[in-house]
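Have a look at the structure below, then the notes.
The values are calculated or read from the model by the stated rules, or taken from the named source; none is laboratory data. The structure presented is a predicted model; accordingly, all values stated were derived computationally and were not measured. No Cβ is skipped: glycine too gets one built from the backbone with ideal geometry, and neighbour counts run over all protein chains shown. Heavy atoms of the whole protein, side chains included, go into the accessibility calculation; ligands, DNA and RNA do not. Shrake-Rupley method; radii C 1.70, N 1.55, O 1.52, S 1.80 Å.
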Amino acid sequence: MTTPEPPKSISSRLEAWGNSPFAPTGLATLITALHFRPLQIRPMLFVPILFFSSYANLQGFKIDSAGITAAASGTYALLAMRRRPAAFMSRFSIRGIVRGTAVGIGLVNAVAGGWVYAKGDREREKKERTENPRWVN
């Protein structure tokens, strides 16, 4: 018989989400799906920022990446929440569900990224980067 895993605390879940390179990439994918056709320039400006944040995370700059992700995701979520759908039923269309998911992920990214950025230990991160260099031959 296996023993069940102990439940994870909220702070450990926030830290895991904030340190993940997949969170900004997932939000960038949803933003692209929503705003690429017809092309809307302002929301699409967040996509390269989120991809850069994911790249920086993979390079070992997890705390800085979390700060960039929090800022970009939170700003996108605030801008996306300004607009309200015209009809009640349009909220439950495929586009409405994707939009709601994008706003939700943006808010979670903002909270988790802010948590990691505020609680991060830069000295430990710098030590990890020097001990485990990535992409070096």
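Residue-wise test of (1) at pLDDT 90 or above; (2) among the charged types (D, E, K, R); (3) at positive phi.
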position	(1), (2), (3)
T2	no, no, no
P6	no, no, no
H35	yes, no, no
I41	yes, no, no
F46	yes, no, no
G67	yes, no, no
R84	no, yes, no
M89	no, no, no
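From the list A112, A118, the lone residue that is on the phi < 0 side of the Ramachandran plot and open to solvent by less than 60 Å² (accessible area, probe 1.4 Å) is A112. Restricting attention to segment 56-104, the residues being free of Cβ contacts under 8 Å to residues at least 12 places away in the same chain and open to solvent by 80 Å² or more (accessible area, probe 1.4 Å) number 11. As a summary of the residue check, L14 satisfies the conditions (1) open to solvent by 30 Å² or more (accessible area, probe 1.4 Å); (2) not in a helix (DSSP H, G or I) except for the one numbered (2). List pairs: first in segment 17-46 and open to solvent by 30 Å² or more (accessible area, probe 1.4 Å), second modelled with pLDDT of 95 or more and among the small types (G, A, S), Cβ under 7 Å, 6+ apart or cross-chain? Sorted first by the residue in segment 17-46, then by its partner, the pairs are W17/A112; N19/A66; T25/S54; L30/A102.
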